[in-house]
1. Among the residues of segment 112-136, what is the count of those that are at pLDDT below 95, surrounded by 12 or more Cβ atoms within 10 Å (Cβ to Cβ) and among the small types (G, A, S)?
2. For segment 1-38, give me each residue that is touching a helix residue (DSSP H, G or I) at 6+ places or on another chain (Cβ under 8 Å), at pLDDT below 95 and assigned to a strand (DSSP E or B).
3. Give the residue that is nearest to the chain's Cα centre (by Cα), with candidates limited to residues of segment 240-250 that are closer than 21 Å to V203 by Cβ and of a type outside the set (A, V, I, L, M).
4. Output the residues belonging to segment 83-97 that are touching a residue at least 24 places away in the same chain (Cβ under 8 Å) and either over 19 Å from H19 (Cβ atoms) or surrounded by 20 or more Cβ atoms within 10 Å (Cβ to Cβ) (or both).
5. Out of everything in segment 167-191 that is within 23 Å of T122 (Cβ to Cβ) and among the charged types (D, E, K, R), what residue ends up being modelled with the lowest pLDDT?
6. Give the number of residues within segment 48-82 that are within 17 Å of H19 (Cβ to Cβ) and in contact (Cβ under 8 Å) with a residue 24 or more places away in the chain.
7. Can you find, within segment 100-111, the residue that is modelled with the lowest pLDDT among those that are more than 13 Å from G86 (Cβ to Cβ) and either among the hydroxyl-bearing types (S, T, Y) or touching a strand residue (DSSP E or B) at 6+ places or on another chain (Cβ under 8 Å) (or both)?
8. State all residues of segment 180-210 that are out of contact with any Asp or Glu (no Cβ under 6 Å at 6 or more places or on another chain) and assigned to a loop (DSSP other than H, G, I, E, B); if no residue qualifies, say none.
Amino acid sequence: MNDISRSVHLRSVFISDVHLGARACQAEKLVDFLRHLSCDRLYLVGDIVDGWKMKGGWSWPSSHHEVLHQLLRLVRHGAVLTYIPGNHDDRVRDFCGIHIAGVRVARDAVHETLDGRRFLVTHGDEFDSSAARPGWQAVAGDLGYKALLGLNTAILRFRERLGLPYWSLSSQLKSKLRSVRRIVEAFEEAAAEGARRRGFDGVICGHIHQSAMRQIGTVLYANDGDWVESCTVLVEHGDGRLEIVDWAARASSSMIQQGGRAKRAAKPLLEPAPA
């Protein structure tokens, strides 16, 4: 894409962990990404709506509704949409196998890239060994993470008011803490092994809110990240090349400040495939 005001067409797009209904959801940034997008295949890889928030803390501003509007726009324009529920929208798993208004709901999916590689597409909570922690540790960890997300959201809004680039405290801390890195590495290895046992060339997942793409043995592990902390998405270009797009970082780098008003710089946000 040569300019932010123009759309780019992609072969496939993988989005997960949007958490619509949660105050920490970065819906405005996802809407911005979707408005610049057209694609042949769209995979929603779980935790799109945060059903857990229905028990308390539910929030649904207009930007959350606009996310759904933009997703349906892509379907109307021909995108094949596959919805793979996660652990936060697990009630949707009761509808796996159903096709509704151009949307297919599935427990997992098989995606074949243009160059013939076969990927298992799944949310990934089944590979999360941290879910087996003792009850008190799980509760303490959940409370700590919620507090961190609350602080992260407050910092993001403060930086936006000042016109500062996107920066996620929670993502920075997760990358620095050795204990968190060990959990992430264990998850990545378990996901890759699960895909290998089923005969796939790779696995595409979400769940842990940390984007990555790396070779683990014979399997390519690809995590599309999230739209709560990092605002990342996995895309497949027209030549079969996979790329993790950090939309918040690219959008921030394309903004220039002139006279107190933010204007778009003519810089590509999605790099075209190499010739």
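1. Residues meeting the conditions: 1.
2. L37, S38 - these are the residues of segment 1-38 that are touching a helix residue (DSSP H, G or I) at 6+ places or on another chain (Cβ under 8 Å), at pLDDT below 95 and assigned to a strand (DSSP E or B).
3. This residue is D246.
4. Correct list: Y83, I84, P85, G86, H88, D89.
5. Within segment 167-191, the match that is modelled with the lowest pLDDT is K174.
6. Result for segment 48-82: 19.
7. G102
8. R198, G199, F200, D201, I208, Q210
The values are calculated or read from the model by the stated rules, or taken from the named source; none is laboratory data. The structure presented is a predicted model; accordingly, all values stated were derived computationally and were not measured. Note that we place each Cβ from the backbone using ideal geometry, even for glycine, and neighbour counts take in every protein chain shown.
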